[in-house]
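Take a look at the structure below.
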Amino acid sequence: MCAPFGVLAIVMGVVAFRTGWMIAPARRGVLQPRLYGVGAALVGAGLLTSVVVYFTLPEYVASHDPVLAFAGNALELVGIAAVLAARRPARRGRAPHPAVRAGQRR
């Protein structure tokens, strides 16, 4: 199922947040690794929430609370927005993450 992918996304997000390291396809366009890490972790958490709600609690969701069913989707969308925002340059006055600073040419 999708649960291992959710756990993998959370782990990759934490690694990107803490160290600035990302997998090669994502590394090229990311200018803010910490924001990317937060977004990746949110996407993973949303994926895990969706898996739990849709596959383990389907009768509860269908009869009681449809808002719970969309909580995971909302987390994923917020995470995707954060990942996309990480591709934009940081605002002036803030020091970039050390991993980005090391890759800049002076």
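Filter the range 1-29 for residues that are within 30 Å of V53 (Cβ to Cβ) and surrounded by 15 or more Cβ atoms within 10 Å (Cβ to Cβ) and give the result. Walk me through how you get there before you give the answer.
So the first thing to find is which residues in the range 1-29 are within 30 Å of V53 (Cβ to Cβ), and the list is 1-18, 22-23, 25-26.
The answer is G6, A9, I10, M12, G13, V14, V15, A16, F17, M22, A26.
Checking A69 against (1) part of a helix (DSSP H, G or I); (2) surrounded by fewer than 17 Cβ atoms within 10 Å (Cβ to Cβ); (3) at pLDDT below 85; (4) in contact with a helix residue (DSSP H, G or I) (Cβ under 9 Å, 6 or more places away or on another chain): exactly one of these is not met. Which one?
Result: A69 fails condition (2) only.
Anything in the range 14-36 that is assigned to a helix (DSSP H, G or I) and under 13 Å from the mean Cα position of the chain (by Cα)? List them, or say none. Steps first, answer last, please.
At the first step, the residues of the range 14-36 found to be assigned to a helix (DSSP H, G or I) are 14-19, 24-27, 33-36.
Answer for the range 14-36, where residues must be assigned to a helix (DSSP H, G or I) and under 13 Å from the mean Cα position of the chain (by Cα): V14, V15, A16, F17, A26, P33, R34, L35, Y36.
The values are calculated or read from the model by the stated rules, or taken from the named source; none is laboratory data. These figures come from a predicted structure and were not determined experimentally. Cβ atoms come from the backbone with ideal geometry, glycine included; neighbour counts cover every protein chain shown.
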